[in-house]
Amino acid sequence: MEAAVKCASSQFVGSSSSVSSSSNTNQPRHFFRYDSNRRTLKFKPRSTFSIRAAATGDSDSVVTLLDYGAGNVRSVRNAIRSLGFDIKDVQTPEDILNAKRLVFPGVGAFAAAMDVLNQKGMAEALCTYIENDRPFLGICLGMQLLFESSEENGPVKGLGLIPGVVGRFGSSNGFRVPHIGWNALQIRRDSEILEDIGNHHVYFVHSYRAMPSDDNEEWVSSTCNYGGNFIASVRRGNVHAVQFHPEKSGDIGLSILRRFLYPKSFAAKKSLGGKASKLAKRVIACLDVRANDKGDLVVTKGDQYDVREQTKENEVRNLGKPVDLAGQYYLDGADEVSFLNITGFRDFPLGDLPMLQVLRCTSENVFVPLTVGGGIRDFTDGHGRHYSSLEVASEYFRSGADKVSIGSDAVYAAEEYLKTGEKTGKSSLEQISRVYGNQAVVVSIDPRRVYLKSPDDVKFKSVKVSNPGPNGEEYAWYQCTVNGGREGRPIGAYELAKAVEELGAGEILLNCIDCDGQGKGFDIDLIKLISDAVTIPVIASSGAGSVEHFSEVFAETNASAALAAGIFHRKEVPIQSVKEHLLKEGIEVRI
C-alpha cells in the first residue's frame, strides 16, 4: 500500500540536495563518528594550514552551506531557497575558502561536530574564512563551536575564535533544561541582522550556552534571559552567529536570514512591532497521520485512540491532508507542528517513504519546529539487515524533523533501567540523545488512570484526584501503556518520566487516554504530578475543548506547552483564539 505525497521538492529523496556538480548523491549521509569516551580532541595550529583560496565562479545568488552530516538542515536549505538563493554544499576545505557567503547550521553534539571538522580539514579553513572577515552566519551549534571549548561530553576544544566556555544550563533554580521554546532577545549593540528583533520571540532549543564576559564583550550583540543572561548572538564585522534558530522562528526568523543575505537592502530600520519579554508558553498543533482504507495518507483523530468512524462503513476518520493542514497551522500561528505516524510501516520504518515525504514537503513552507513520532526503534528488515534506532531517527532528521518522539520503546528501556539500575547506552533514547543531544528527543507517555481506595494499594506513585472515581475512589495511579494504548505495562507515568529523564529525554509529551477526544480539559492531576517531578519541559496533551482549558493548564501546572488536535482540525477552537485568550490572562505567548 503506498500513499502518494507530492511537493515542489519531491525530487529530493534521501540525502541533501546541492547545486554543486561535484556532489555525490549516493554518498553515505551519516559520516560523522562519535566516541563517548573521548575527553578532548586534537586541534592543529592554524599556522600549519596552507590551502589558498582560488577564484570562484559562484554567482551572487549562491549560498555555501557547511553541512557536516548530522541533524535537520533541510529547513535551513528551504529557508534560504525561499529567499531566492541556491545552495552549494561544502565538499572540501577549498569550498569554504572560496565561499562568498557561508552558513553553518550546526546540529547535534559539540564533540561529534568538531570531530568531523578536524578529520576533514575544515576547522582550519573555517577559522581562516572567519578571521578574514568574510560573510558568515553560524546557527546554534554553529555559534557554540566558535568558542574555546565546551563542557558537553568534554571538555572538548572548539575553534577558539571567541573567548569563553560553553557550559550546561543549571536546573537547580527551577528552570527547565533543555531551554526549549520561543524567548525574547535583549539587543546589546548594533547587530545589523537583528534590527528591531528585540521585541519578538525567536526559537531556541539547546542545553548548553555561552555566557557573556569581559573577554568576549566585543563579540556579543544580544543576550537572552533564562536563569540568567546567556549569549544569544555574536557579531564582528561580517561575521554573525546566533544561538537560536532563525529557520524555525517563523517570519521573524526569515527576516533575520534576509538581512544576512541582502545586507545592503536594509539600510533603514523597519519597525516590526511585538512585545516579547520572556520565554513564551507554546501552543502546538498535533497531526495524527495514517493511511486510510484507500491507501491515502490522511490526518485523523481518535476518541480514546479509536480513529474509525462509528458508522456502517467503519472508515478511518479523515480530517484533511497532512501537508496542507500543517501549512495552515503555521499560518495560524502554531508554535510547533507535531506528526504522529500511527500506522507506520512498523516492521520497516525506513520503508515509510510517504511519511518521510510529508516531512520534506512540510519543511518547504513551515518554518517552525517539526516533531515526528512512530516506529523509531531498532529493527531488522525482511532480508536480515539490522538498522539501529539512530539510523531511523537520522533519516527523519534529514527529511525535516527537528525532534523525534519515542513511545513504546522508551517504556521498555525505562523498565529495564529501573530493574537493573544501569544504563546500557543501547536504547533508542540513549543512542539518539547521545549524538543529537537530548533536546532532539521527546518521550511520549500514554497513561491510563487506575482508581484506588488508598495510595498504599500499589507500589507506584499515586495522587489524590480532583474528581472521585466511579465508586467514590479518592486516589489514582497512572498506568503506562504501549502499542497505541492497547497494552498496559507494570510502570507508572511518574516512574517512567523520572527514568526517561535520566536516560536522556529532553522533553515529555504527556497524553492521557481517559481524556483523549473528550473535550473536557487536560488531566490537571496528571500534568501537575509529572511536571513537578522532572526538570525537563513537559507538553500537556489530551482533552482540550476550549480556550479556557489552555489557560487552566498553564496556571495550575508547570507545563511548558499545550498540544491539541481535534479542536484545531475541526476548527472548533482556532489557534489564534487560544493565544488571544492566553494574552488576556497574562500568559506570555508568541504573536
Check your understanding: Given the conditions (1) on the phi > 0 side of the Ramachandran plot; (2) open to solvent by 30 Å² or more (accessible area, probe 1.4 Å); (3) at pLDDT below 95, and given that Tyr387 satisfies all but one, which numbered condition is not satisfied?
Key -> (1)
Exercise for review: Would you point out the residue of the range 543-553, among those that are of a type outside the set (A, V, I, L, M) and over 11 Å from Ile524 (Cβ atoms), that is surrounded by the most Cβ atoms within 10 Å (Cβ to Cβ)?
Suggested key: Phe550
Review point. What are the pairs, 6+ residues apart or on separate chains, where a residue within the range 410-439 that is within 17 Å of Phe110 (Cβ to Cβ) has its Cβ under 7 Å from a residue that is surrounded by fewer than 17 Cβ atoms within 10 Å (Cβ to Cβ) and modelled with pLDDT under 95?
Key: Arg434/Ser36
Check your understanding: Restricting attention to the range 249-279, and to residues there that are out of contact with any Pro (no Cβ under 6 Å at 6 or more places or on another chain), open to solvent by less than 60 Å² (accessible area, probe 1.4 Å) and of a type outside the set (A, V, I, L, M, F, W, C), which single residue is modelled with the lowest pLDDT?
Key -> Gly273
Point to revise | Odd one out for Gly227, checked against (1) within 20 Å of Pro135 (Cα to Cα); (2) modelled with pLDDT under 95 | key: (1)
Revision key, fill the gap. Within the range 323-373, residues open to solvent by less than 10 Å² (accessible area, probe 1.4 Å), assigned to a loop (DSSP other than H, G, I, E, B) and modelled with pLDDT under 95 come out as Gly344, Asp352
Exercise for review: Among the numbered conditions (1) open to solvent by 10 Å² or more (accessible area, probe 1.4 Å); (2) more than 30 Å from Ala562 (Cα to Cα); (3) under 23 Å from the mean Cα position of the chain (by Cα); (4) among the hydroxyl-bearing types (Ser, Thr, Tyr), tell me where Ser150 comes up short.
Suggested key: (1)
Check your understanding: Any chance the range 392-401 includes a residue that's open to solvent by less than 20 Å² (accessible area, probe 1.4 Å) and farther than 23 Å from Asn341 by Cα?
Key -> no
Exercise for review: Collect the residues in the range 558-573 that are closer than 13 Å to Ile508 by Cβ and assigned to a helix (DSSP H, G or I), keeping them in residue-number order.
Suggested key: none
Review point. With respect to Glu501, is the statement that it is under 28 Å from Gly374 (Cβ atoms), free of Cβ contacts under 8 Å to residues at least 40 places away in the same chain and either in contact with an Asp or Glu (Cβ under 6 Å, 6 or more places away or on another chain) or surrounded by fewer than 18 Cβ atoms within 10 Å (Cβ to Cβ) (or both) true?
Key: no
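Results for (1) hydrophobic (A, V, I, L, M, F, W, C); (2) in contact (Cβ under 8 Å) with a residue 12 or more places away in the chain, shown as yes or no for each residue.
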| position | (1), (2) |
| --- | --- |
| Leu97 | yes, yes |
| Arg101 | no, yes |
| Met122 | yes, yes |
| Ala125 | yes, yes |
| Tyr129 | no, yes |
| Phe136 | yes, yes |
| Leu141 | yes, yes |
| Ile162 | yes, yes |
| Ser172 | no, no |
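Each row is one residue, and each column tells you yes or no for (1) over 21 Å from the mean Cα position of the chain (by Cα); (2) at pLDDT below 95; (3) among the acidic types (Asp, Glu).
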position: Asn483; (1), (2), (3): yes, yes, no
position: Arg486; (1), (2), (3): yes, yes, no
position: Ile491; (1), (2), (3): yes, no, no
position: Tyr494; (1), (2), (3): yes, no, no
position: Leu503; (1), (2), (3): no, no, no
position: Cys512; (1), (2), (3): yes, no, no
position: Asp516; (1), (2), (3): yes, yes, yes
Point to revise | Unmet requirement for Ser433, which otherwise passes all of (1) at pLDDT 95 or above; (2) in a helix (DSSP H, G or I); (3) of a type in the set (Gly, Ala, Ser); (4) within 13 Å of the chain's Cα centre (by Cα) | key: (1)
Check your understanding: Are any residues in the range 481-518 closer than 24 Å to Gly545 by Cα and either in contact with a helix residue (DSSP H, G or I) (Cβ under 7 Å, 6 or more places away or on another chain) or not assigned by the TED database to the domain that holds Ser408 (or both), and if so, which ones?
Key -> Ala493, Ile508, Leu510, Cys512, Gly517
Practice item. Considering every residue within the range 200-209, establish whether at least one is of a type in the set (Gly, Ala, Ser), at negative phi and without any contact (Cβ under 8 Å) to a residue 24 or more places away in the chain. Key: no
Exercise for review: Scan the range 516-542 residue by residue and report those that are part of a loop (DSSP other than H, G, I, E, B) and open to solvent by less than 20 Å² (accessible area, probe 1.4 Å).
Suggested key: Asp516, Gly521, Phe522, Asp523, Val534, Ile536, Pro537, Ser541, Ser542
Study note, to complete from the structure: Considering the range 174-197, residues that are open to solvent by 20 Å² or more (accessible area, probe 1.4 Å) and free of Cβ contacts under 8 Å to residues at least 60 places away in the same chain, and then whichever is nearest to Asn225 (Cα to Cα), we arrive at Gln186
Study note, to complete from the structure: Exception for Tyr494 within (1) open to solvent by 20 Å² or more (accessible area, probe 1.4 Å); (2) in a strand (DSSP E or B); (3) aromatic (Phe, Trp, Tyr) falls at (2)
Practice item. Working only within the range 98-117, note down all residues that are open to solvent by 10 Å² or more (accessible area, probe 1.4 Å) and modelled with pLDDT of 95 or more. Key: Asn98, Lys100, Arg101
Exercise for review: Could you grab me the full set of residues in the range 557-579 that are charged (D, E, K, R) and surrounded by fewer than 15 Cβ atoms within 10 Å (Cβ to Cβ)?
Suggested key: Arg570, Lys571, Glu572
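The values are calculated or read from the model by the stated rules, or taken from the named source; none is laboratory data. Keep in mind that this is a model prediction, so the values were computed, not measured. FYI the Cβ positions are ideal-geometry reconstructions off the backbone, even for glycines, and counts take in every protein chain you see. Calculation scope for accessible area: heavy atoms of the full protein, side chains included, ligands and nucleic acids excluded. Shrake-Rupley method; radii C 1.70, N 1.55, O 1.52, S 1.80 Å.
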